[in-house]
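The values are calculated or read from the model by the stated rules, or taken from the named source; none is laboratory data. Nothing here was measured: the structure is a model prediction, and the numbers come from that model. Virtual Cβ from ideal backbone geometry, glycine too; neighbours counted across all protein chains shown. Accessible surface is based on the protein model in full, side chains and every heavy atom, while ligands, DNA and RNA are left aside. Shrake-Rupley method; radii C 1.70, N 1.55, O 1.52, S 1.80 Å.
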Amino acid sequence: MIHFNPDTYQVAYAGERVSFLPKEFALFRFLYEHAGRSFTREALLDAVWPMEAPTDRTVDDHIYRVRRKLAGWSHLVRVETVRGQGYKLVRRAPESNVNPLSLDEQFAVDVKRLFSRYHSLGMGAAMQLLSENREVLSLPGDPYNDAYLRFIRGDFEWLLTADGVSLWQKLTYAVYIHSIIQPEPAATLPYIEKLLAQDNDANALAWRYDLQLSLVLLYTEVGKPDLAREGLETIRQEIEGLDSPSFTALFLLKETYLAIWTGKLEAADAKLRECDELLLRHPIKRERGAYLVAMAMLLYRRSSIPAARLALDEGLETLRHTEFLPHLLFSLSTLLRFLAIHQCDETYRLAYQRQWDQLAVRYRFEELLPQTEQLLKKHL
């Protein structure tokens, strides 16, 4: 599996890396994610240069440079010229060598446990590194983990359309994507409620607590604090029974958001102190980033603008480094709604709105929103 790193504009496979310029990277990624489909130059210009007005020659020049940089990977991918149409990318399956560990069931269990451990610690980069070097390390494939890795690095369109993803899992990803990119939180509420009423997937339990905690936040943001409290109390004992520092931190943060949004700032402060103590014992960077964003919101409510800005910058930067893209997007979208409602720092709201707009173009939110709604309306 080829891994794309949008922060460094590098592409990795089996320990090898190829560096691209930003538009070369975007062009290759678009063609790779739509492998087998032909695109005209005009279509590629719209996809890769949506806010600019380059010429057809720009596409040809970038295709030439992408081909040169991929010359060493001709056994994996090839960008073909389609006469009279444009270009398409063809993927080639790597030659399969006999994996000496393919029949070792204990090894497969150990690898799955390793992925799970990295996830529990918020180590997205480590998970991606294992995935990139699967062939070299003779790691067994796992469709569930493969889909999740697509999710955390932002391959959202693939998750919505792939045949190898179960319907329940696909709907779960669609709900999360919809909740992130939909500007009105109330629009996602009925989808999560209907999805939680279903339980027809072997992996449903692994997502149920995440969905319930997301529902709590949405109830909070749409002004239904009683339903948010009820949702928290419904799963409080179950979260405690999990003995999971990650879920405990997320639960505390949802309690914090509810307290902040309802003006109970002392209660919010107490929950944040409890979360901080937990994360000192269990240093999970992903949850630490979310904690700092919540701290920034509390500081904003207390009119401590400089301190709020410092916490916010550190929190979002921490989330970027974890390489869990959905968690970064989730915190950023929550923050922007908070700043828009409370109107406490217009300068920072505009600055982070510009970052959001850039991410929206990079990950094609305008196209993803109707895709998620079509899928959710059809099956929920």
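Some observations on this one:
- Residues in region 14-56 that are farther than 20 Å from Phe156 by Cα and at pLDDT below 85: Ala14, Gly15, Glu16, Met51, Glu52, Ala53, Pro54, Thr55, Asp56.
- Residue match in region 292-313 (condition: assigned to a helix (DSSP H, G or I), among the charged types (D, E, K, R) and within 26 Å of Leu211 (Cα to Cα)): no
- Remark: His62 falls outside the filter, which requires a residue to be under 27 Å from the mean Cα position of the chain (by Cα), modelled with pLDDT of 85 or more and open to solvent by less than 60 Å² (accessible area, probe 1.4 Å).
- Once region 113-131 is narrowed to residues that are open to solvent by 30 Å² or more (accessible area, probe 1.4 Å) and without any contact (Cβ under 8 Å) to a residue 40 or more places away in the chain, the residue that is nearest to His327 (Cα to Cα) is His119.
- Residue satisfying all of: in region 16-39; among the basic types (Lys, Arg) and surrounded by 15 or more Cβ atoms within 10 Å (Cβ to Cβ); farthest from the chain's Cα centre (by Cα) among these: Lys23
- Any hit, region 309-332, residues being aliphatic (A, V, I, L, M), surrounded by fewer than 17 Cβ atoms within 10 Å (Cβ to Cβ) and either in contact (Cβ under 8 Å) with a residue 24 or more places away in the chain or out of contact with any Gly (no Cβ under 6 Å at 6 or more places or on another chain) (or both): yes
- Test: residue in region 207-224 that is farther than 24 Å from Phe324 by Cβ and open to solvent by 60 Å² or more (accessible area, probe 1.4 Å): yes
- Candidate set: region 225-249, residues that are of a type in the set (A, V, I, L, M) and open to solvent by less than 30 Å² (accessible area, probe 1.4 Å); chosen: the one farthest from Pro190 (Cα to Cα): Ala249
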